[in-house]
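Presented below is the structure to which this report refers.
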Amino acid sequence: MHIEESLKLDFKDVLIRPKRSTLTSRAQVELQREFVFHHSGKTYHGIPIIAANMDSTGTMEMAAALGKHQMSVALHKHYDEASLIAYFSGLQKKSTSFYSMGITQADFDKFSAVMNHAHNAIEYVCIDVANGYTEGFINFVKKVRTSYPHLTIMAGNVVTGDITEELILAGADIVKVGIGPGSVCTTRKMTGVGYPQLSAVIECADAAHGLGGQICADGGCVVPGDLAKAFGAGADFIMLGGMLAGHDECAGDLVERDGQQFKSFYGMSSRAAMDKYAGGVAKYRASEGKEVLLPYRGPVEASLLDILGGVRSACTYVGAHKLKELTKRTTFIRVTQQLNEVFG
Ligand code: 5GP
């Protein structure tokens with residue numbers, strides 16, 4: 001038995017050390033990034049934060065709200081073909097919304113049909129599975145890359161540098177990183193598998209950047225400071241589920257309990273999701289997600305401003321004029337406590 005002894009860390013294990021700065025205001029911080037993707041050759045401009053392709057957060061309504069800030073949405077996989085064609089072909093200009101798909105032949109056929117009918121209006125696709133370590137997954141990424149050389153492909157999820165490199169060589173432009181950190185994920189509990197997210201981001205970013213690729217840190221951000229840490233660790237993009245859940249733009253009805261309003265939020269591998277889309281949990285598998293009721297939070301705009309304000313402020317603390325400089329300016333310090341919890 002070999003045990004890896006090097007310490008792996010999560011967002012909660014570190015803080016960012018402040019550094020001398022010439023910035024006088026948060027307003028001077030530029031959060032827009034530009035990337036030229038390794039395979040597609042396409043240029044991206046925007047604030048690299050993406051709503052997760054969960055059926056509550058990966059909605060067209062969320063895309064409209066995030067689009068105002070040049071942020072993106074990975075649309076969930078359960079929109080039907082007609083809605084996706086209408087959405088992508090109806091856009092005024094090319095959008096940074098990701099079309100999401102799994103790796104079955106049916107997923108590929110649906111995507112091909114939408115591409116044909118939407119006159120190739122799709123630029124970004126997200127191919128994701130819970131476990132990105134299978135040969136079948138890598139072969140699927142190769143197939144999409146060969147069939148659509150011009151697409152920007154995000155693929156995942158993985159947590160180590162070796163497979164990050166393999167995915168980029170297979171055709172991914174962006175590798176999605178995270179196994180088990182999600183707010184409604186129970187993978188670590190059910191399987192014992194996972195990797196602390198901060199270390200996963202640092203190691204995968206290093207591997208991807210060496211080959212000219214990008215990564216997207218997916219899962220585990222619970223406060224704006226976690227996004228600053230993920231960007232500081234080398235994430236090019238960040239995907240958010242729980243932090244965007246519970247808002248008007250999320251799918252699902254309001255639920256009333258004791259005079260208070262809530263919205264349901266559940267993992268895409270939870271019993272709730274499998275009951276809805278797969279006719280229940282198949283006998284050979286267990287659910288790897290949970291369902292929670294979140295207090296209703298109103299329009300997502302205020303939460304977005306909070307997130308962007310937090311990241312901007314982090315940049316001023318370390319003297320980064322642009323988000324692009326944040327990684328270079330970041331030194332993490334290991335801590336045993338982050339917050340003063342005296343008032344709850
Ligand atoms: P959050 O931002 O809520 O912490 O994490 C969002 C991410 O959790 C998603 O983008 C996805 O990768 C992951 N996720 C969503 N649903 C499930 C699930 O049911 N099981 C697992 N293991 N992960 C999930």
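The values are calculated or read from the model by the stated rules, or taken from the named source; none is laboratory data. Only a predicted model underlies this, so the values are computations on that prediction, with no experimental measurement involved. In this analysis, Cβ positions are derived from the backbone assuming ideal geometry, glycine residues included, and neighbour counts consider all displayed protein chains.
Things to note:
- Yes/no for residue 253 being surrounded by fewer than 21 Cβ atoms within 10 Å (Cβ to Cβ), at pLDDT below 95 and within 23 Å of residue 289 (Cα to Cα): yes
- A single member of 190, 115, 154 is in contact (Cβ under 8 Å) with a residue 12 or more places away in the chain, within 12 Å of the ligand (Cβ to nearest atom), in a helix (DSSP H, G or I) and not hydroxyl-bearing (Ser, Thr, Tyr), and it is 190.
- Residue count for segment 1-39, restricted to those that are among the β-branched types (Val, Ile, Thr) and in contact (Cβ under 8 Å) with a residue 40 or more places away in the chain: 4
- Residue 262 vs. criteria closer than 24 Å to residue 61 by Cβ and outside any loop (DSSP other than H, G, I, E, B): yes
- Members of segment 3-43 that are among the hydroxyl-bearing types (Ser, Thr, Tyr) and either under 20 Å from residue 232 (Cβ atoms) or not in a strand (DSSP E or B) (or both): 6, 21, 22, 24, 25, 40
- Here segment 238-255 is the region considered, the condition is being in contact (Cβ under 8 Å) with a residue 12 or more places away in the chain and either out of contact with any Phe, Trp or Tyr (no Cβ under 9 Å at 6 or more places or on another chain) or of a type in the set (Val, Ile, Thr) (or both), and the residue that is farthest from the ligand (Cβ to nearest atom) is 255.
- Flag not set for residue 63, criterion: in contact (Cβ under 8 Å) with a residue 40 or more places away in the chain and under 21 Å from the mean Cα position of the chain (by Cα).
- The single condition from (1) farther than 28 Å from residue 30 by Cα; (2) at pLDDT 95 or above that residue 278 fails is (2).
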